[in-house]
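Bear in mind these aren't lab numbers, they're just calculated from the coordinates by the rules spelled out. From a predicted model like this one, the values you see are computed outputs, not experimental measurements. For neighbour counting, all protein chains shown are included, and Cβ atoms are generated from backbone atoms with ideal geometry for every residue, glycine included.
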Amino acid sequence: MKSVLKCVQSSCERKYPLLSGRNLCECGGLLEVDHSEVLAQLRWQNWMRILERRWGAKNLPDSSGVWRYRDLILPGFPDEKIISRAEGNTRVYEFSKLAEMAAVRKLMFKHEGENPTGSFKDRGMTVVVSWAKHLGSRALLCASTGNTAASVASYARAAGMRAYILMPSERVALGKVSQAIAYGARVIKVRGNFDACMKLVAAHGSELGLHVVNSINPVRLEGQKTIIWELLEQLHWQLPNWIILPGGNLGNVSAFGKALREIFLAGVIDYSQMPRLAVIQAKGANPFYRAFRENFTMRFVLPEAKTIASAIEIGVPINHSKAAQAIRFTRGVVEKVSDEEIMEAKALLDREGVGAEPASCATLAGLLKLRASGIIEESDFVVCILTGHFLKDQTATLNFHESDSPLANRSVVIEPTLDELKKVL
Ligand SMILES: *Cc1c(COP(=O)(O)O)cnc(C)c1O
Ligand SMILES: [Zn+2]
């Protein structure tokens with residue numbers, strides 16, 4: 001294959017064959033799939049026409065919103081080895097009330113919760129599981145706050161592989177655990193937080209002979225790049241000024257940065273039009289926000305990360321260095337929001353009738369904050385990425401609506417009589 005694995009540390013830049021299946025460089029740095037050779041040969045106008053033709057195809061791999069872009073994912077990967085559930089193809093919503101409230105020119109939400117298992121993780125998982133199977137791996141391993149677990153459990157089933165999942169024994173949303181269990185993965189509950197699970201997986205995955213599918217795996221991020229390309233196609237290449245997403249382990253922002261960099265290198269967009277990335281973290285789990293405030297001259301580790309948005313309850317983000325590059329390259333920003341702000345934003349978003357899980361709603365909370373501080377302006381076109389499905393975390397939703405928040409929609413209980421019914425109508 002033409003593309004290779006390359007260390008992201010500028011002081012190193014070692015290269016390895018893609019087939020080596022490595023996750024980390026000898027120097028300990030993160031690796032990424034380097035497509036420079038393919039990009040140099042890509043005739044963009046042609047590729048756009050090919051993409052146009054593939055859009056709306058009825059059969060795999062073109063019907064997948066990930067594999068449609070396969071020329072820049074794993075170029076040369078055999079089509080018949082693709083394990084796909086036709087993931088991607090997610091909707092873009094415009095909720096006009098929210099645009100009015102945020103006072104921006106245009107506001108859209110791309111809903112990655114509409115993937116087969118209810119989160120964007122499926123976009124990365126289809127690629128990493130196809131790849132692992134092709135390399136001859138028999139079993140997959142991950143640490144998860146829940147959505148990776150649901151996704152790997154599903155794709156392992158499609159591939160006929162075993163999946164081992166380490167998740168915190170507490171504080172994982174029920175919707176996600178129930179998927180992992182029901183889909184047949186081996187769920188191992190660890191008395192510790194996500195970071196403790198991740199540390200075990202990153203340090204010992206390969207010595208255990210298991211293929212690690214966390215976002216430390218550079219191949220997984222290749223699939224997640226397609227969120228950006230699919231979005232831009234849906235927008236007919238009308239580029240937004242801002243793309244806002246939640247940040248936990250920082251795999252997604254790294255993938256977004258890479259997707260934008262590659263289409264810039266291919267000459268599709270001018271640097272002056274480059275959408276800026278805004279990563280939103282929860283106040284109680286904000287190591288990347290802190291690093292941003294220090295201009296990325298320092299790195300932070302939070303041993304006790306805590307937030308209601310369990311998908312981003314991460315104190316030691318594994319993709320820090322790639323994510324910092326993505327923020328720098330897109331002149332992006334990192335903001336933090338409180339759990340109250342997240343849940344209020346969720347109430348507003350849910351009320352539009354589609355909704356999303358708490359971590360996703362940090363995007364709207366962050367937008368309101370970045371508008372208030374003037375970093376995002378009234379003339380801006382903004383896209384928020386909703387990362388997970390509304391039904392993933394019903395506990396958080398129902399607890400909020402039983403609280404005394406002015407946005408709570410409390411239900412009432414009555415006796416089965418007309419009198420009582422009339423009283424509440
Ligand atoms: C995994 C996940 C995130 C965090 O993404 P990272 O790539 O780890 O930063 C955010 N929201 C949801 C719903 C997720 O499942
Ligand atoms: Zn290196």
Relative to the present Cα-Cα distance, how much length would full extension add between Ala196 and Arg157 at 0.36 nm per residue of separation?
-> 11.4 nm
Output the direction-averaged projected area (hull surface divided by four) of the convex hull of the alpha-carbon atoms of segment 56-193, in nm².
-> 10.6
Over the alpha-carbon set of segment 224-330, divide Rg by the Kirkwood Rh and report the Rg/Rh ratio to two decimals.
-> 1.00
The chain - percent relative contact order, Cα under 8 Å, separation 6 or more = 16
Using modelled amide H (1.01 Å from N, peptide plane; none on Pro or chain starts), what sits under 5 Å from the amide H of Val333, excluding residues fewer than 5 places away?
-> Leu277, Ala278, Val279
May I ask you to order 336-346, 44-54, 188-198 by the average number of other C-beta atoms within 10 Å around their residues, highest value first?
-> 336-346, 188-198, 44-54
Label point 7 Å beyond Cα of Ile375 along Cβ direction - residues of segment 313-329 with amide nitrogen under 17 Å | 323-329
So, by mean Cβ neighbours within 10 angstrom, what's the order for 280-287, 250-257 with the highest one leading?
-> 250-257, 280-287
Treat each spin label as a single point 7 Å out from the Cα along the C-beta direction, and report the Glu207 to Glu294 distance in nm.
-> 3.0
Between the DSSP loop rule and a limit of at most 12 other Cβ atoms within 10 Å, which GluC sites (Glu not before Pro) in segment 251-311 are left?
-> Glu294, Glu304
Residues Tyr155, Tyr93, Tyr69, sorted so that the one with the fewest Cβ neighbours within 10 Å comes first = Tyr93, Tyr69, Tyr155
Expressed in nanometres to one decimal, the distance between label points 7 Å along Cα→Cβ at Asn89 and Glu415 is 5.3
Convex hull over the alpha-carbon atoms of the chain: what's its volume per residue in Å³?
-> 155
Nearest 10 degrees, 0 to 90: helix 339-350 Cα axis against the chain principal axis | 80
Just need the relative contact order of segment 92-225 here, percent rounded to a whole number, with Cα pairs under 8 Å and 6+ apart.
-> 27
